[in-house]
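Novice: Please read through the structure below; I'll follow up with questions.
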Amino acid sequence: MTSGVLRLVKNTGLLGSLAGQVCSLVTLCIPQWLTLSSGLLESEKYTLGLWETCVTQDTGGRVCQASASLRDLATEMLVARILMCGACVAGSLGLVAVLLGLTRVRYGGHQGISLERSTNVAGGALFFLAGLATLVPVSYIARVTVQRFWGPEFPTDVPRWDYGNAMFSGWIGGFFLLTGGLLLIASQLCANRLAEKPTSFPSKLDFSRKVPFAKVDFV
């Protein structure tokens with residue numbers, strides 16, 4: 001694998017991780033983890049997030065109320081809040097590690113390049129952890145929602161909670177973080193192996209061959 005291909009893989013992993021971090025932050029902040037359309041008032045739509053619950057009307061009005069205290073918060077929402085905060089912290093630290101490596105390579109010469117590879121591997125590992133910490137709570141909330149509101153014993157004529165935009169943003173962000181982190185780690189490990197690979201020279205030089213010289217006439 002050439003250095004140009006490795007650079008492309010590294011940049012792809014970095015861009016993917018950055019996109020995943022943005023999606024993870026959106027998932028943490030927006031109050032649209034679960035949605036519910038009331039059967040009594042079709043014009044009202046309820047949305048539930050990690051931090052607040054909102055009621056949106058067709059006229060455009062929106063009223064939000066902060067979630068209850070941690071003691072009254074549902075267990076799955078509390079776990080999701082903790083893991084999502086950890087995911088955003090890990091992703092931010094991964095970006096800091098990658099940016100630190102880019103800064104050092106400009107002034108450190110050969111040692112700066114080695115440090116950049118090490119920080120990129122560390123950043124890729126943090127992105128990977130951030131992806132796991134994003135996918136776990138989103139998938140857990142999805143499983144709990146299906147079990148509670150979409151089981152065969154649940155009445156079909158009763159309004160049910162359904163997946164919101166934050167759930168899909170979390171799945172996309174987690175996938176990008178996992179993939180970007182793995183690409184970043186793989187590119188830097190391959191670059192280290194390529195740098196450590198010795199350059200091969202011919203073991204013996206053949207001086208037996210006679211090199212013909214053109215005859216030069218002097219006038």
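Novice: On the basis of being at pLDDT below 85 and surrounded by fewer than 13 Cβ atoms within 10 Å (Cβ to Cβ), does residue 189 make the cut?
Specialist: Judged against the criteria, residue 189 is not a match.
Novice: Still on this structure: With respect to residue 48, is the statement that it is within 28 Å of residue 143 (Cβ to Cβ) and buried (at least 16 other Cβ atoms within 10 Å of the Cβ) true?
Specialist: Considered against the rule, which asks whether it is within 28 Å of residue 143 (Cβ to Cβ) and buried (at least 16 other Cβ atoms within 10 Å of the Cβ), residue 48 comes out as yes.
Novice: Of everything in region 56-97, what is open to solvent by 90 Å² or more (accessible area, probe 1.4 Å) and in a loop (DSSP other than H, G, I, E, B)? Give them in sequence order.
Specialist: 58, 59, 70, 71, 72
Novice: List every residue pair whose Cβ atoms sit under 7 Å apart, with the two residues 6 or more apart in sequence or on different chains, where the first one lies in region 49-66 and is over 11 Å from residue 33 (Cα atoms) and the second, anywhere, is of a type in the set (Asp, Glu) and open to solvent by 50 Å² or more (accessible area, probe 1.4 Å).
Specialist: Going by the 7 Å Cβ cut-off, the qualifying pairs are 64/52; 65/52; 66/52.
Novice: Consider only pairs whose beta carbons are under 7 Å apart and that are at least six residues apart or on different chains; among these, list those whose first residue lies in region 8-28 and is farther than 24 Å from residue 190 by Cβ and whose second residue is outside any helix (DSSP H, G or I).
Specialist: 28/50
Novice: Could you check region 7-26 and list, in sequence order, the residues that are open to solvent by less than 10 Å² (accessible area, probe 1.4 Å) and more than 21 Å from residue 47 (Cβ to Cβ)?
Specialist: Across region 7-26, the qualifying residues are 13, 17, 20, 21.
Novice: Hydrophobic (A, V, I, L, M, F, W, C) and farther than 18 Å from residue 31 by Cα - does that describe any residue in region 72-91?
Specialist: Scanning region 72-91 turns up at least one residue that is hydrophobic (A, V, I, L, M, F, W, C) and farther than 18 Å from residue 31 by Cα.
Novice: (1) at positive phi; (2) modelled with pLDDT of 85 or more: which one isn't true of residue 97, the others all being true?
Specialist: Against the list (1) at positive phi; (2) modelled with pLDDT of 85 or more, residue 97 comes up short only on (1).
Novice: Would you check if residue 29 is farther than 21 Å from residue 102 by Cβ, surrounded by fewer than 18 Cβ atoms within 10 Å (Cβ to Cβ) and at pLDDT 90 or above?
Specialist: In short, yes.
Novice: For the structure I just gave you, tell me whether residue 136 is on the phi < 0 side of the Ramachandran plot, among the aliphatic types (A, V, I, L, M) and exposed (fewer than 15 other Cβ atoms within 10 Å of the Cβ).
Specialist: Here the answer is no, as residue 136 does not meet what is asked.
The values are calculated or read from the model by the stated rules, or taken from the named source; none is laboratory data. Here the structure is a predicted model, which is why all the values come from computation and not from measurement. Here the Cβ is made from the backbone with ideal geometry for all residues, glycine too, and neighbour counts use every protein chain on show. SASA here: full protein model, heavy atoms, side chains in, ligands and nucleic acids out. Shrake-Rupley method; radii C 1.70, N 1.55, O 1.52, S 1.80 Å.
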